[in-house]
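**Student:** Mind having a look at this structure? Questions to follow.
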Ligand SMILES: Cc1cc2nc3c(=O)[nH]c(=O)nc-3n(C[C@H](O)[C@H](O)[C@H](O)COP(=O)(O)OP(=O)(O)OC[C@H]3O[C@@H](n4cnc5c(N)ncnc54)[C@H](O)[C@@H]3O)c2cc1C
């Protein structure tokens, strides 16, 4: 008897026991952070006040707010880099494909489909997800689908996910390696990762991955990555309220 989780026979048994689950939401948790408006002020003031800058920070709140706004407006970006936020994110693979295009100021670690068996959790759009795309490239609008379109989407996705996961289980049960068997799994499968960023890289991400009335340069992201971005934004806004206010005031363009 062995308790080694990587034994093929144990994997096969585990796989047979798993039933697909369907989700229409995403998970975002702030798991670690060192991020505050004072980090921005400290970094900015070192240029004028040198090592005295730390003492100056809390002296004059209005001046601090003004300085952050000036840095944002004039796009002096580097003072917004001296902080760190680590998020745990669970979302469909198609969201991660878009997410990992953000290269600068981001670190990622994602669960492995080679070292562990992938869990059968799949994305199905919720009732409020607009289903129908109208217009032309660059000018798309999304409108509600009919009840029939929603029912079809749910049924087609769930059937397809079940079939794909059964094939995955069948291969694992026959001793095929996880890294080979995973090829049949679709991009609607949930994955999980840690993503670490700073306020500057997060602002760049939010500018591109949210649709917002205050945005000077509008973006039209896929709704599912926007769901992730909105949750990250809510966490960040609590940590750095002055920076967040200045970001919105200056058209949500990363400095
Ligand atoms: C609505 C939307 C639709 C999209 N559609 C597609 C699509 O159809 N196909 C597709 O492939 N991608 C698509 N993308 C992804 C997009 O092209 C970017 O890869 C992604 O948004 C990351 O942006 P970024 O490169 O600015 O970010 P980062 O990689 O984080 O880079 C940040 C900034 O650093 C600088 N930088 C980074 N790397 C370089 C470099 N090599 N050379 C010069 N400057 C650099 C740039 O100023 C850049 O803005 C889409 C993105 C959005 C928001």
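**Student:** Considering each residue of segment 185-220, count those that are assigned to a helix (DSSP H, G or I), over 20 Å from residue 90 (Cα atoms) and in contact with a helix residue (DSSP H, G or I) (Cβ under 7 Å, 6 or more places away or on another chain), and give that number.
**Tutor:** 3
**Student:** While we're looking at this one, here's another question. For segment 38-66, give me each residue that is in contact with a helix residue (DSSP H, G or I) (Cβ under 6 Å, 6 or more places away or on another chain) and either at pLDDT 70 or above or exposed (fewer than 13 other Cβ atoms within 10 Å of the Cβ) (or both).
**Tutor:** 40, 41, 42, 43, 44, 45, 46, 64, 65
**Student:** Criterion first (within 16 Å of the ligand (Cβ to nearest atom), free of Cβ contacts under 8 Å to residues at least 12 places away in the same chain and at negative phi) does residue 218 satisfy it?
**Tutor:** yes
**Student:** Can we say residue 223 is within 30 Å of residue 73 (Cα to Cα), modelled with pLDDT of 95 or more and in contact with a strand residue (DSSP E or B) (Cβ under 8 Å, 6 or more places away or on another chain)?
**Tutor:** It is true that residue 223 is within 30 Å of residue 73 (Cα to Cα), modelled with pLDDT of 95 or more and in contact with a strand residue (DSSP E or B) (Cβ under 8 Å, 6 or more places away or on another chain).
**Student:** Okay, moving on. List every residue pair whose Cβ atoms lie under 6 Å apart, where the two residues are 6 or more positions apart in sequence or sit on different chains, the first residue falls within segment 86-111 and is more than 13 Å from residue 205 (Cβ to Cβ), and the second residue, located anywhere, is part of a loop (DSSP other than H, G, I, E, B) and modelled with pLDDT of 95 or more.
**Tutor:** As it stands, the answer is 91/26; 92/188; 93/187; 94/187, since those pairs meet every condition given.
**Student:** Can you say whether residue 70 is more than 16 Å from the ligand (Cβ to nearest atom) and under 23 Å from residue 247 (Cβ atoms), as far as the supplied structure shows?
**Tutor:** Judged against the criteria, residue 70 is a match.
**Student:** For residue 129, only one of the following conditions fails: (1) under 23 Å from the mean Cα position of the chain (by Cα); (2) in contact (Cβ under 8 Å) with a residue 40 or more places away in the chain; (3) within 16 Å of the ligand (Cβ to nearest atom); (4) within 30 Å of residue 249 (Cα to Cα). What is its number?
**Tutor:** All conditions pass for residue 129, except number (3).
**Student:** Give me the residue from segment 102-126 that is surrounded by fewer than 17 Cβ atoms within 10 Å (Cβ to Cβ) and within 16 Å of the ligand (Cβ to nearest atom) and, out of that set, farthest from residue 22 (Cα to Cα).
**Tutor:** 104
**Student:** Oh, and also: Only residues that are within 16 Å of the ligand (Cβ to nearest atom) and more than 23 Å from residue 66 (Cα to Cα): list them for segment 221-243, please.
**Tutor:** Passing the criteria: 221, 222, 223, 224, 225, 226, 227, 228, 229, 230, 232.
**Student:** Next up: Restrict the check to segment 244-253 and report whether at least one residue is within 14 Å of the ligand (Cβ to nearest atom) and either in contact (Cβ under 8 Å) with a residue 40 or more places away in the chain or crowded, with 16+ Cβ neighbours inside 10 Å (or both).
**Tutor:** Yes, segment 244-253 contains at least one residue that is within 14 Å of the ligand (Cβ to nearest atom) and either in contact (Cβ under 8 Å) with a residue 40 or more places away in the chain or crowded, with 16+ Cβ neighbours inside 10 Å (or both).
**Student:** Check segment 162-170 and report whether any residue there is within 25 Å of the chain's Cα centre (by Cα) and either under 23 Å from residue 225 (Cα atoms) or exposed (fewer than 15 other Cβ atoms within 10 Å of the Cβ) (or both).
**Tutor:** no
The values are calculated or read from the model by the stated rules, or taken from the named source; none is laboratory data. These numbers were taken from a predicted model, which means no experiment stands behind them. Please note: Cβ atoms are built from the backbone with ideal geometry, for glycine as well, and neighbour counts cover all protein chains shown.
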